1. Give region 63-81 a look and list any residue that's surrounded by 10 or more Cβ atoms within 10 Å (Cβ to Cβ) and either in a loop (DSSP other than H, G, I, E, B) or modelled with pLDDT under 80 (or both), or say none.
2. Restricting attention to region 26-45, and to residues there that are assigned to a loop (DSSP other than H, G, I, E, B) and surrounded by 12 or more Cβ atoms within 10 Å (Cβ to Cβ), which single residue is modelled with the lowest pLDDT?
């Protein structure tokens with residue numbers, strides 16, 4: 001077992017302390033990439049767009065690890081849309 005490779009494959013280990021509880025371990029990058037690729041598809045996000053007459057949407061999920069600068073930058077970019 002190569003602990004350095006495991007840490008490389010699990011990026012959250014560089015900035016989070018994670019205590020595994022009931023099998024809720026951190027996902028390796030291969031899993032998070034597959035999940036991201038799936039949820040980033042248009043089909044996975046469209047639920048009732050036609051009913052609401054919505055053509056596009058921006059989804060934001062800020063979290064405790066986002067800095068104020070990152071949020072401010074996001075708002076500035078959002079203003080350009």
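The values are calculated or read from the model by the stated rules, or taken from the named source; none is laboratory data. These numbers were taken from a predicted model, which means no experiment stands behind them. Cβ: placed from backbone, ideal geometry, glycine included. Neighbour counts: every protein chain shown.
1. 66
2. Initial filter on region 26-45 (assigned to a loop (DSSP other than H, G, I, E, B)): 26-28, 40-41.
Then drop every residue that is not surrounded by 12 or more Cβ atoms within 10 Å (Cβ to Cβ), which leaves 26-28.
Numbers: 26: 74, 27: 77, 28: 81.
Within region 26-45, the match that is modelled with the lowest pLDDT is 26.
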